[in-house]
Amino acid sequence: MIETALPPQVSQWLGKPVIVIEHVVTAEVGLWLNFCVAVQDANPLYWNYAAALGRTEAVIAPPAMLPSWGIPHDWSPGAEGPPLRTLELHFMVKDALGLPNGLVTEVEFELHDPIRAGDSVRVEQILKEVSPPRQTRLGHGRNWTIDVVYRKPGDILAGVQTLRFLGYRKAP
Amino acid sequence: MITCVGLTVGARLPDLRIPISAKTIVMGAAASRDWQPQHHDSAWARDSAGLPDIIMNNYTQAGFFCRYVTDWSGPDGRIGRFKFAMKKPICPGDEILLQGVVEGVLPSVNGYSWVDIIIKALVDGALATSAEVRLALPNTASSPSPWRCARALWAP
């Protein structure tokens, strides 16, 4: 069984940016074309400046890559300690709730201003809600929802990613 | 070029079959800067995570869904919102079958209309991932591209 009440630490995280990542990667065409190659996406807005000019003014990055611009480099000169885990707040919640297993149940994106070469993003990870404990097919656990807000320089909203998780302890 | 002219609920997008190799999965994970081991390390995926093999990460799946929709719409199709839920892992050797259908065409705003599309990603006939995409399409061939919508008016 797990406690019904939320740990105070988790309650304090609700509704506010807990993890903030500041402009760690500069978007470049070569980086996003690697992704286009992986999914064989020929959309000319990603590849062709002439096609993009009348629509997006310049080539843009594929929208599915939005979170990628907020992932710190896996290594960088002078960095100490391990890099942040992808979606660090999720792991913090999972650990604080004492739930060893976690999985993403749904991912949602709301897209605003597209990412162009030279852009970078400020990332805010916000814990939106945590469910009461419940019994699931996988074990006893909780659901929680995290919003990740991506803003370009000038505070321009690039998008919001909403991730819904299930954390659980495997049934014996 | 697809516009909203004649587009009705129930219209189907062309099926798309995508063979998945280890290269597809590793390339997608690396290009999306996702270094979690279940996306590149087969031994770790099997022995430590209890997975059948390395699995496609959610960013790569998102990339395939976006590509599927804009392959159909052309570059004037502007995705405003999408969501997906993964039911079964996608591994090397799988073949994904993407099937999409228009579920709704909302009233026009600012020269474009929102089109809601439901997508299924099937592997061996079983649902691997379900997705929903809300796409802005020009109302007619002479309507402005949704990409030209003023930032303040864009409300997905």
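The values are calculated or read from the model by the stated rules, or taken from the named source; none is laboratory data. The structure displayed is predicted, hence computed values, not measured ones. Heads up, the Cβs are rebuilt from the backbone with ideal geometry, glycines too, and the neighbour counts pull from every protein chain shown. Each accessible area value is taken on the protein alone, full model and side chains, heavy atoms only, with ligands, DNA and RNA left out. Shrake-Rupley method; radii C 1.70, N 1.55, O 1.52, S 1.80 Å.
Some points to look at:
- Residues that are within 12 Å of chain A (Cβ to nearest Cβ), crowded, with 21+ Cβ neighbours inside 10 Å and more than 17 Å from A:Arg85 (Cα to Cα), drawn from the range B:32-56: B:Ile55, B:Met56
- Among the residues of the range A:138-148, those that are buried (at least 19 other Cβ atoms within 10 Å of the Cβ) and in contact (Cβ under 8 Å) with a residue 60 or more places away in the chain comprise A:Gly141, A:Arg142, A:Val148.
A quick yes/no check of all residues on (1) crowded, with 16+ Cβ neighbours inside 10 Å; (2) within 13 Å of chain B (Cβ to nearest Cβ):
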{"position": "A:His90", "(1), (2)": "yes, yes"}
{"position": "A:Leu103", "(1), (2)": "no, yes"}
{"position": "A:Arg122", "(1), (2)": "yes, no"}
{"position": "A:Glu129", "(1), (2)": "no, no"}
{"position": "A:Pro133", "(1), (2)": "yes, no"}
{"position": "A:Thr136", "(1), (2)": "no, no"}
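- Criterion violated by A:Leu6 - all others in (1) more than 12 Å from chain B (Cβ to nearest Cβ); (2) part of a loop (DSSP other than H, G, I, E, B); (3) within 22 Å of B:Ala62 (Cα to Cα) satisfied: (3)
- For the range A:36-62, the tally of residues that are in a loop (DSSP other than H, G, I, E, B) and within 8 Å of chain B (Cβ to nearest Cβ) stands at 5.
- Within the range B:92-142, being buried (at least 20 other Cβ atoms within 10 Å of the Cβ) and more than 17 Å from B:Thr70 (Cα to Cα) holds for B:Asp94, B:Ile96, B:Ala128, B:Thr129.
- When residues of the range A:19-35 are limited to those that are within 13 Å of chain B (Cβ to nearest Cβ) and in a loop (DSSP other than H, G, I, E, B), the one surrounded by the most Cβ atoms within 10 Å (Cβ to Cβ): A:Ala27
- The residue that is farthest from B:Ile54 (Cα to Cα), among those in the range B:90-122 that are touching a residue at least 60 places away in the same chain (Cβ under 8 Å) and not in a strand (DSSP E or B), is B:Ser108.
- Reported count of residues in the range A:105-118, each being open to solvent by 30 Å² or more (accessible area, probe 1.4 Å), assigned to a loop (DSSP other than H, G, I, E, B) and at negative phi, is 2.
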